[in-house]
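First the structure, in the form of structure tokens, and then the observations on it.
The values are calculated or read from the model by the stated rules, or taken from the named source; none is laboratory data. As the structure is a computational prediction, the values presented were derived from the model and not from experiment. Neighbour counts are summed over all protein chains in view; Cβ atoms, including those assigned to glycine, are modelled from backbone coordinates with ideal geometry. These area figures cover heavy atoms from the full protein model, side chains too; ligands, DNA and RNA do not enter into them. Shrake-Rupley method; radii C 1.70, N 1.55, O 1.52, S 1.80 Å.
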Amino acid sequence: PDEFAYQPGPGSLQEGSEYAVLYGNPGSEELFAMRLKLPDGFHIPPHSHPRPEVVTVIAGTVLLGSGEDADPDAATRLETGSFFAFDPGMVHYVFTEGETVVQLNSTGPWDIEYVDPADDPRS
């Protein structure tokens, strides 16, 4: 794990996130595995994806919630080693505690659609 070459981004997440593609190409129609490194207190506002999302918490803590209102008190606490999977279109949000690393596996092309377009750093 210390040899993964993390880089800033991806551009679909707020500043402070880093990622490393371990396998495949998230921009192509193929399987991929990607790690995201998120700082303490990072927040991903309510959003969905057009493809299934399969995630393992490698380090840190994820507060994961469902729905269009991001409420950390209503979120489920996922510690290191936890796993979750969402079907396409499932609206969810994330908060982190401590530096957090998650591994995301899916099929590309990967995208994220924010419930509130103002939350999208690409706009």
- Message: What figure, in Å² to the nearest 10, do you get for the accessible area of THR80 with a 1.4 Å probe and non-protein molecules left out?
- Response: 80 Å²
- Item | Probe 1.4 Å, all protein chains present, accessible-area order of VAL102, VAL91, largest first | VAL91, VAL102
- Here the net charge surrounding SER106, from other residues whose Cβ is less than 15 Å away from its Cβ (Lys, Arg +1; Asp, Glu -1), is -4
- Message: On a 1.4 Å probe surface of the protein chains, which of ASP111, ASP73 comes out largest in accessible area, and what is the full order?
- Response: ASP73, ASP111
- For the stretch 52-123 the mean separation of alpha carbon contacts under 8 Å (6+ apart) over residue count, i.e. relative contact order in percent, is 41 percent
- Query: Using modelled backbone amide H atoms (1.01 Å from N, in-plane), which distant-in-sequence or interchain residues come within less than 5 Å of LEU22's amide H?
  - Reply: ALA33, MET34, ARG35
- Per DSSP, loop GluC sites (Glu not before Pro) in the stretch 24-57 with at most 16 further Cβ within 10 Å: GLU29, GLU30
- Using a cut-off of 14 Å between beta-carbons, work out the net charge of the residues near GLU29 (Lys and Arg +1, Asp and Glu -1, GLU29 not included). -1
- Collect residues whose amide H, placed 1.01 Å from N in the peptide plane, falls under 5 Å from the amide H of SER17; neighbours closer than 5 in sequence don't count. GLY9
- Note on the structure: Here the net charge surrounding PRO50, from other residues whose Cβ is less than 13 Å away from its Cβ (Lys, Arg +1; Asp, Glu -1), is -4
- Averaged per residue, what accessible surface does the chain expose to a 1.4 Å probe, in Å²? 53 Å²
- Using a 1.4 Å probe over the heavy atoms of the protein chains, calculate the carbon and sulfur portion of the accessible area of the chain as a whole percent. 49 percent
- Query: Which entry in (i) 34, 27, 25; (ii) 41, 26, 22; (iii) 53, 31, 29 matches Cα extents along the principal axes in Å derived from the coordinates of this structure?
  - Reply: (i)
- Message: Under 5 Å between amide hydrogens, which residues at least 5 positions from PHE42 or on another chain qualify, with H placed 1.01 Å from N in the peptide plane?
- Response: THR96
